[in-house]
Amino acid sequence: MSSEASVVPRRQLFIDGEWKEPVLGGGSLSSIPPQKASSVGTSLIDLEAAAAAARTSRVLVLMNWDVPAGTAEDVDLAVSAARRAFSRNKGRDWSRASGSHRAKFLRGIAVKITERRDELAKLEALDCGKPSDEAAWDIDDVAACFEYYADLGEALDGKQKAPISLPMQTFKSHVLKEPIGVVGLITPWNYPLLMAAWKVAPALAAGCTAVLKPSELASVTCLELADVCKEVGLPAGVLNIVTGLGPDAGAPLASHPQVDKIAFTGSTETGRKIMISVSQMIKPVSLELGGKSPIIVFEDVDIDKAVEWALFGCFWTNGQICSATSRLLLHENIADEFLKKMCRWAANIKVSDPLEEGCRLGPVVSQGQYEKIKKHILTAKNEGATILYGGARPQHLDKGFFIQPTIITNVETSMQIWKEEVFGPVLCVKTFRTEEEAVDLANDTQYGLAGAVLSKDPDRCSRLTEEIQAGIVWVNCSQPCFCQAPWGGNKRSGFGRELGNGLGLDNYLTVKQVTQYISDDPWVGTAIRQSCKSQTWMTPRTLLAPTKLGIAPFLKAC
Ligand code: NAD
């Protein structure tokens, strides 16, 4: 099967349970499979040109399929729909319904996603260039994510009103976990539907209503999620999907006064803009940003296995993974053998149309990314690094945004290739002599998303899991990701955690303390008697209460 035979459904914005044309009418973003675009002169989605065109004519060049170009006006409608859905029937229809009620919809979505797995995987591969096998795994993960949060949403019912033990018997207290409100979800193109699922599923499980703004570079499967929501009868307005350019649709969503929280996954640069925007309203935000993660390989490894993990850790998803272990740190005793083997194996990676059987590396997503990656490789060369393998377009592919898997050595820590996220199939390599040196190199980055250590020595692995400054550390592997384990970064890779351990759900919940006075006695009398017995339990606020009523009677009674 090649991309020629595929049909992409034509969709509109999904607002209030209906397909709607953009308010400004007819504006659309156009897309063409990255594997078909000509490498020279074709502007696929050249973001700057697209933004300029959208602002003036509202219509962009028509290519293979169109995606509606939403604007602030559409965002406004979507937010209003989400607000209405949040409070409809005093919240009883959704936000204050039981978790198990909402879980039924999440499970329904999971079932439909599984039923449409092959079709969705194909659309995803076409839209972002990911090998179709990998896209199919992603779609399995999407369904599993909805299932996972259905379970957590259901479990939330049993955790409500859990009593809190207090030091005064005249009071009782419990905690309510309530949906935070209307949430804005802004997502990238590298895992288009999965990154959306990581946000939509917990938001809905928590009882929030949402507006999703997928990436303009790969929106197709997110619009299919809207179709799935219609099929399962999700109440109107609970999930709204507004496609469009970042500045036109993402920025108004982030700054919208009726949006209670923003959850963002994307580049550090856009994350910074969003943080500035939401700070104006003291709006909570969670940020999953970029990375430049290290993989440290010690001399005691099984070299074949380690080479496989190093290649997988950087070249999977066409190298466009936030957590890609794109800085390889090799013990100097094994470096020569390791690199020879790596180059031999890299030559066996099948680079092709993502729908072709056996494809292991498809094209990168857009012309902008293609040019950016080539520039990174050129700069590395100009700064004195060695392109040990790859670095160019594969000879057998004269069209499309294809780049060979690329391995760069003789890298200095001052070089751009060491410091900046490439977000493409490019690995840079340094050697080390001691464990201490390896840790210093691993942590020599502004990012803190992930890291990996490969060694047969369990004590060393255990030490390094503590010493690597990152939100995720893999031992003797790279990239596995489970819904059950928390995901997120430190430093400029962002803050907040998605997925496991309840953290992903907590992103969309607010905690309310409910404290009740249950004594028949007047408060002042109770406070005085208790304080006379012992003052150790008293908090400053408790002590203040009698003073509000008058300090004199309080002192006199004592
Ligand atoms: P991006 O920042 O360009 O875009 C992400 C989203 O933000 C898109 O939907 C875009 O339209 C929107 N956007 C752009 N400008 C905006 C603005 N001014 N206001 C509001 N929204 C705006 O990122 P990308 O190129 O789509 O994705 C690649 C980046 O995402 C990489 O840096 C990668 O590391 C990161 N990423 C991180 C994770 C993680 O879990 N940490 C996962 C996937 C991708």
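Below are the figures for this structure:
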{"read-out": "Cα→Cβ-extended label distance, 7 Å offset, between Arg463 and Glu21, nm", "value": "6.8"}
{"read-out": "Computed [θ] at 222 nm, helices only, for the chain once each DSSP H run of length n ≥ 4 contributes -39500 (n - 2.57)", "value": "-12500 deg cm²/dmol"}
{"read-out": "Candidate residues Lys90, Lys341: accessible-area rank, largest first, probe 1.4 Å", "value": "Lys90, Lys341"}
{"read-out": "Set of lysines near Lys374 by C-alpha distance (under 18 Å), chain-local residues within fewer than 8 positions excluded", "value": "Lys292, Lys399, Lys419"}
{"read-out": "Backbone HN-Hα couplings from phi across the stretch 111-123 [Karplus 6.51/-1.76/1.60, Hz, Gly and Pro as x]", "value": "4, 5, 4, 5, 4, 9, 3, 5, 5, 5, 4, 5, 4"}
{"read-out": "Area accessible to solvent at Lys104, 1.4 Å probe radius, in Å²", "value": "150"}
{"read-out": "Inverse of mean 1/r across different Cα pairs in the chain, Kirkwood, Å", "value": "25.4"}
{"read-out": "Across Lys273/Lys375; Lys104/Lys159; Lys273/Lys350; Lys261/Lys491; Lys20/Lys283, pairs whose alpha-carbon gap is larger than 30 Å", "value": "Lys273/Lys350"}
{"read-out": "DSSP bridge orientation in the stretch 294-482 - percent antiparallel, rounded to nearest 5", "value": "15"}
{"read-out": "Order by protection proxy (mean Cβ within 10 Å, highest first), peptides 271-280, 294-303", "value": "294-303, 271-280"}
{"read-out": "Three-way shape call for the stretch 294-482 based on the alpha-carbon gyration tensor, with the a/c threshold at 1.5", "value": "prolate"}
{"read-out": "Extension reserve of the Asp76-Glu420 stretch, reckoned as 0.36 nm per residue once the Cα distance is removed", "value": "120.3 nm"}
{"read-out": "Trp19 accessible area, assembled protein chains, probe 1.4 Å, Å²", "value": "80"}
{"read-out": "Rounded to the nearest 10 Å², the accessible area of Asp227 at probe 1.4 Å", "value": "30"}
{"read-out": "Whether the stretch 395-519 is rounded, prolate or oblate, judged on the alpha carbon gyration tensor where a/c under 1.5 counts as rounded", "value": "prolate"}
{"read-out": "Pairwise label distance in nanometres, Ser173 with Arg92, each label 7 Å out on the Cα-Cβ vector", "value": "3.2"}
{"read-out": "Leading residue at positive end of dipole, the chain (Cβ point charges), from Ile15, Ile180, Ser462", "value": "Ile180"}
{"read-out": "Antiparallel content of DSSP bridges confined to the chain, in %, to 5", "value": "45"}
{"read-out": "Protein-only accessible surface order, largest first, of Thr114, Thr187, Thr465 at 1.4 Å", "value": "Thr114, Thr465, Thr187"}
{"read-out": "Percent carbon-and-sulfur accessible area, the chain, ignoring ligands, DNA and RNA, probe 1.4 Å", "value": "53"}
{"read-out": "Residues of the stretch 249-274 with amide N under 18 Å of the 7 Å Cα→Cβ point at Lys372", "value": "249-251, 264-274"}
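The values are calculated or read from the model by the stated rules, or taken from the named source; none is laboratory data. None of the values given here were measured: they were computed from a predicted structure. Note: ideal-geometry Cβ built from the backbone for every residue, glycine included; neighbour counts use all protein chains shown. Please note that ligands, DNA and RNA were not included when accessible areas were found on the heavy atoms of the full protein model with its side chains. Shrake-Rupley method; radii C 1.70, N 1.55, O 1.52, S 1.80 Å.
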